[in-house]
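What follows is one structure encoded as structure tokens, with my remarks underneath.
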Amino acid sequence: MTPKSKWKASLSNGETFYEDKGVYAFVLGEKSPWQKLLLYIKDNNLQITSLGIYTDDNRAFNLPSSGNNPKFSIFSQHAKPISFTMFKASAISVSGPNDEENFIVVEANYEDGNLQMWVPLYNPDNCWCIFTKKKES
Amino acid sequence: MATWIWQLQGTTPTTIDAADSLQFAGGTFNSAITVATYNASMHVDQNNGGSVDDAASNTPKNNKWISSTQIDVGGGTVTLTGSVPATTDCALKINFSDGASVATTNGKFYAYQTTTSDAPTGITFKAGEQSDTTWTDAEGAAAGVTLNDDSAATSHDYFIFTSASPDSVGAKSFTLRAELTYS
């Protein structure tokens, strides 16, 4: 199966990139598109300013961005993300219900915790959000 | 695409297919384990039907809990170290692969009953990843064996030693689960 839910990232230099498109297309055996993006960001001293998930049928799931021109005032009245990250989660059960679950997760990092958005990798009809508070030291 | 392959290792590995189950037994296929003792054999129950041992001709490995720091992989009691058991002596080999080269993190392995937070009912389940020097009571997600992070690659192997003991008489069934994150 080909993943239907993929990341899209905007950078501090104004560029926007999409997983599985252009220079970040899937190439068998090569570094993952996300690994390539992280390398590009590091080499060019850039930051991710917004991160979300897109699908080929034009659905979009967006985290709050760290940009300066939000469409609604509420976004400018509250803390902006400090940084962003993405990972995919996979799990499989055996010797019982043979469930395999695959998600793409985009995460906005704040001073007091992280906001995660989970979307199934192969069936982007649902989305779950969770806020994980940072443990106090 | 992310792909999982579970195998019961032996002279030849036996793949645990979607409809199969991993059987912990008392020495032969479908044999009972005495209450409060640990498995003397492991098998792959084809289609979870109890009639065909898919691993029968592959001399499957068995891992038996002896103590919190000891294991029997077929040659008597040995102490868990960074190299004991060897990867080839771990009963379970779990492979995760992706078409792209990805790093893996937050790996976990455990047994559960109905939901992933439930400990398996009626059994004591222990496991560890190769190089662990103690067993883990891997019952329920919160108590799972933490799998080592792995650097970027298209294929990742996890070697697991695992053992089960019935707390009471009667057949027991439970589910095994592996999960991780990757990017």
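Observations, loosely collected:
- Residue that is in contact with a Phe, Trp or Tyr (Cβ under 7 Å, 6 or more places away or on another chain) and among the polar types (S, T, N, Q), where the choices are B:68, B:101: B:68
- Picking from residues in region B:13-29 that are open to solvent by 60 Å² or more (accessible area, probe 1.4 Å) and modelled with pLDDT under 95, the one that is farthest from the other protein chains (Cβ to nearest Cβ) is B:17.
- In this structure, residue B:147 does satisfy being open to solvent by less than 50 Å² (accessible area, probe 1.4 Å), more than 11 Å from every other protein chain (Cβ to nearest Cβ) and at negative phi.
- Cβ-Cβ contacts under 9 Å between residues 6 or more apart (or on different chains), taken from a first residue in region B:56-77 that is on the phi > 0 side of the Ramachandran plot to a second residue that is open to solvent by 50 Å² or more (accessible area, probe 1.4 Å), are listed as B:59/B:11; B:59/B:12; B:74/B:61; B:74/B:64.
Condition check ((1) in a strand (DSSP E or B); (2) within 14 Å of chain B (Cβ to nearest Cβ)) across all residues:
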{"residue": "A:41", "(1), (2)": "no, yes"}
{"residue": "A:46", "(1), (2)": "no, no"}
{"residue": "A:64", "(1), (2)": "no, no"}
{"residue": "A:71", "(1), (2)": "no, no"}
{"residue": "A:74", "(1), (2)": "no, no"}
{"residue": "A:86", "(1), (2)": "yes, yes"}
{"residue": "A:92", "(1), (2)": "yes, yes"}
{"residue": "A:101", "(1), (2)": "yes, yes"}
{"residue": "A:115", "(1), (2)": "yes, no"}
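- Taken over region A:117-128, the criterion of being in a strand (DSSP E or B) and either within 14 Å of another protein chain (Cβ to nearest Cβ) or buried (at least 18 other Cβ atoms within 10 Å of the Cβ) (or both) is satisfied by A:117, A:118, A:119, A:120.
- The listed residue being within 13 Å of chain A (Cβ to nearest Cβ) and closer than 18 Å to residue B:172 by Cβ, out of B:63, B:48: B:48
- Taking the numbered list (1) open to solvent by less than 80 Å² (accessible area, probe 1.4 Å); (2) touching a residue at least 12 places away in the same chain (Cβ under 8 Å); (3) closer than 19 Å to residue A:115 by Cα in turn, residue A:47 passes all entries but (1).
The values are calculated or read from the model by the stated rules, or taken from the named source; none is laboratory data. Source: prediction; values computed, not measured. Every residue, glycine among them, receives a Cβ derived from its backbone with ideal geometry; neighbour counts consider all protein chains shown. Heavy atoms of the whole protein, side chains included, go into the accessibility calculation; ligands, DNA and RNA do not. Shrake-Rupley method; radii C 1.70, N 1.55, O 1.52, S 1.80 Å.
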